[in-house]
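J.: Before I ask anything, let me first share the structure, which is written out below as structure tokens.
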Amino acid sequence: MRIVVCICQVPDIASVVTVVDGRIDLSRLSRVMNPYDEYAVEEAVRLKELLPGSEVTVMTATEESGRDLLRKALAMGADRAFELLSPSLEDSFQIASVLSGAIRERYADALPDLVLCGRESFDHQNAAVPAMLAGMLGIAFTGPVTAISASREIVEFERETESGIECLQAAYPLVVSAEKGLNIPRKTGIRQVMEARKKPIETISVSQPPASLLRLQGVVPVSAEKNCRFATNARELAGLLLRDGCIPKGEE
């Protein structure tokens, strides 16, 4: 089985972030592997151990060096790593586009059997990349999953819903996002870290990612002032909402 795991860096919540002269100072900010991605890497390595002959490849799309991040994934048991460097990655669409392009290029003969991602990144929390990646690759997607049982022919999942545990079965290839509780990521020792240094990391420069779908016009602080008004009945409330523009005039 060929498995690809997409990982990313996020700010360490234990880092010190201060405000200097009215601006956020990130000079002491450190970055770590996204916790949800750790579940994905751990599950990929477990599947490799369960199905001999399998290969685990990790990829990260980043604007800055992600080699330390990839070294950790290699120390956990991944076989190969790709660092996809791009000068601008502003949204989930660009990240998914870079990842899908690299996967298609590296697996030109046939797509990997399984692509694992974390449910979402701790910083942006969009949970959009896994589904976008599946759409760009033209394969199925499911997630976030809390249990995986795989053979060489099919894979079975469990995921938590509002009504209970949902059990799914799918054929390869597909994209899966990992939820907290899927496993407990393993700790790496000195021996694993030293062995990871011998494994290859290939850096690929992405000179022109697709145009971003988002444009940040500016940042406005949230006002702490509250203007509370009370309505005595539904008609009065509707009038207030209408005057404030909360209800379009065509729907009054």
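The values are calculated or read from the model by the stated rules, or taken from the named source; none is laboratory data. All of these numbers come straight from a predicted model, not from anything done at the bench. Methodologically, a virtual Cβ is constructed for each residue, glycine included, from the backbone with ideal geometry; neighbour enumeration extends over all protein chains shown. Just so you know, the surface numbers come from the protein's heavy atoms only, side chains and all, with ligands and any DNA or RNA stripped out. Shrake-Rupley method; radii C 1.70, N 1.55, O 1.52, S 1.80 Å.
J.: Counting only the heavy atoms of the protein chains, how much of D123 is accessible to a 1.4 Å probe, in Å² to the nearest 10?
T.: D123 has an accessible surface of roughly 70 Å² with all protein chains in place.
J.: To test your reading of the geometry: what angle, between 0 and 90 degrees and rounded to tens, separates the Cα axis of helix 35-50 from the longest principal axis of the chain?
T.: Taking the Cα atoms of the chain, the angle to 35-50 is about 30 degrees.
J.: While we're on this one: How tilted is helix 67-76 with respect to the longest principal axis of the chain? Cα atoms for both, answer in degrees (0 to 90, nearest 10).
T.: 60
J.: Taking only the C-alpha atoms, wrap a convex hull around the range 109-227 and report its volume per residue in Å³ as a whole number. Intermediate values should be presented prior to the final figure.
T.: Numbers: hull volume 30.7 nm³, N = 119.
Here the figure is 258 Å³ per residue.
J.: Which percent, to the nearest 5, of DSSP beta bridges fully inside the chain are antiparallel? Write down the numbers at each step before the final one.
T.: Details: 18 of 47 bridges.
Antiparallel bridges: around 40 percent, rounded to the nearest 5.
J.: Å³ per residue of the Cα convex hull, for the range 36-131?
T.: Roughly 99 Å³ of hull volume per residue.
J.: Another question about this same structure. Starting with the highest mean, order 170-180, 229-239 by the number of other Cβ atoms within 10 Å, averaged over the residues of each peptide.
T.: Details: 170-180: 20.9, 229-239: 10.2.
Most protected by this proxy first, the peptides run 170-180, 229-239.
J.: Same structure again: What percent antiparallel are the DSSP beta bridges of the range 1-98, to the nearest 5?
T.: Given both bridge residues lie in the range 1-98, the antiparallel proportion sits at roughly 35 percent.
J.: Report the Cα centroid-to-centroid distance between the range 6-39 and the range 168-217 in angstrom, as an integer.
T.: Taking the Cα centre of each part, the range 6-39 and the range 168-217 sit 18 Å apart.
J.: Using heavy-atom solvent-accessible surface (probe 1.4 Å) with all chains present, what is the largest-first order of K48, K187?
T.: The ordering from most to least exposed comes out as K187, K48.
J.: Further, regarding this structure: Using only Cα atoms, tell me the angle between helix 92-106 and the longest principal axis of the chain; keep it within 0 to 90° and round to the nearest 10.
T.: Helix 92-106 sits at roughly 20 degrees to that axis.
J.: I've got another one for you. Across 10 Å bins from the origin, how do the percents of Cα pairs in the range 95-136 run, short distances first?
T.: In whole percents, the pair-distance histogram is 28, 53, 17, 2.
J.: Find how much the distance from E162 to R191 grows on full extension, using 0.36 nm per residue of separation minus their present alpha carbon separation; answer in nm with one decimal. Intermediate values should be presented prior to the final figure.
T.: On the way: separation 29, 0.36 × 29 = 10.44 nm, distance 4.30 nm.
Taking 0.36 nm per residue and subtracting the Cα distance, the gain is 6.1 nm.
J.: Work out the length of the dipole vector of the chain about its Cα centre, built from +1 on the beta-carbon of each Lys and Arg and -1 on the beta-carbon of each Asp and Glu, and round it to the nearest 20 debye.
T.: Numbers: 28 positive and 35 negative charges, 112 e Å.
Computed about the Cα centre, the dipole is about 540 debye.
J.: Here's another thing I want to ask about it. To the nearest 0.05, how large is the calculated FRET efficiency for E90 and F230 if R₀ is 45 Å and r is the Cβ-Cβ distance?
T.: The pair E90/F230 has a calculated efficiency of 0.60.
J.: Ignoring everything but the protein chains, give the 1.4 Å probe accessible area of S15 in square angstrom, nearest 10.
T.: S15 has an accessible surface of roughly 20 Å² with all protein chains in place.
J.: Next question, about the same structure. Computed FRET efficiency, Cβ-Cβ of V17 and K199, R0 41 Å: what is it to the nearest 0.05?
T.: FRET efficiency, V17 to K199: 0.80.
J.: If I model a spin label as a point 7 Å beyond the Cα along the Cα-Cβ vector, how far apart are those points for A128 and E105 in nm?
T.: For A128 paired with E105, the spin-label model returns 2.4 nm.
J.: Could you give the length gained by full extension between A147 and E49, i.e. 0.36 nm per residue of separation minus their alpha carbon distance, to one decimal place? Numbers along the way, then the final one.
T.: On the way: separation 98, 0.36 × 98 = 35.28 nm, distance 1.63 nm.
So the extension gain works out to 33.6 nm.
J.: Read phi for every residue in the range 235-243 and hand back ³J(HN,Hα) as whole Hz from Karplus 6.51 cos²θ - 1.76 cosθ + 1.60, θ = phi - 60°, with x for Gly and Pro.
T.: These are the phi-based 3J(HN,Hα) values: 5, 5, 4, 4, x, 5, 5, 5, 5 Hz.
J.: Which label marks the calculated value of semi-axes √(5λ) of the Cα gyration tensor in Å, given the options (1) 39, 25, 19; (2) 33, 18, 17; (3) 58, 21, 16?
T.: (1)
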